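The next block holds one structure in the form of structure tokens; read it before the comments.
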Amino acid sequence: VKAAFEAGGGGAKTEQDDTKWRKALVKKLRAAAAVKARVDAGEKDCSKGGLLQFAQKSKGSQDAIEVLLTALEKVGLWRGHAEVKAAFEAGAAEGRAAAIEAPKKAAAVAERE
């Protein structure tokens, strides 16, 4: 995935493909921001009794976010672009909300086991 991001579009051949690629990158940035917010809020991963999966943690790392931002720049969406800011802010809000709910969900999962 990182190689496709760094290549700048995974071989988009038409304007429609380019639009799909941009939307996918924005969606991935939103998800990464959500995971980062969950980690920053102190949510634990599965191995420590939390709900955050181990593979998710790396998606929210600063390095992963930088790769996404670089790929977005290559398709014309700079860090200050309204679409990039909105995706990051929405993801962060979703992540904070998920982190608040995590202890309740973890307790419910523990009860079922």
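Below are the figures for this structure:
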item	result
Stretchable slack from residue 100 to residue 70, in nm (0.36 nm times residue separation minus alpha-carbon distance)	7.8 nm
Correct option for percent of Cα pairs over 23 Å apart [calculated from the coordinates] among [x] 24; [y] 55; [z] 35	[z]
The chain, helix-only ellipticity at 222 nm - DSSP H runs n ≥ 4, -39,500 (n - 2.57), divided by all residues, nearest 500	-24000 deg cm²/dmol
Cα centroid of the range 69-93 to Cα centroid of the range 50-68, whole Å	17
Among 79, 96, 38, residue whose mean-square fluctuation peaks in a GNM of the chain (springs only between Cα atoms under 10 Å)	79
Residues residue 111 and residue 83, FRET efficiency given R0 of 35 Å [Cβ-Cβ distance, rounded to 0.05]	0.25
Residues of the range 72-108 with amide N under 16 Å of the 7 Å Cα→Cβ point at residue 18	72-78
Above-threshold pairs, the threshold being 30 Å between Cα atoms, out of 74/105; 74/104; 27/105	74/105; 74/104
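Values quoted throughout were computed directly from the atomic coordinates according to the rules given, and no laboratory measurement underlies them. A quick note: this is a predicted structure, and the numbers were derived from the prediction, not measured. A quick note on method: Cβ atoms are made from the backbone with ideal geometry, for glycine too, and the neighbour counts reach across all protein chains shown.
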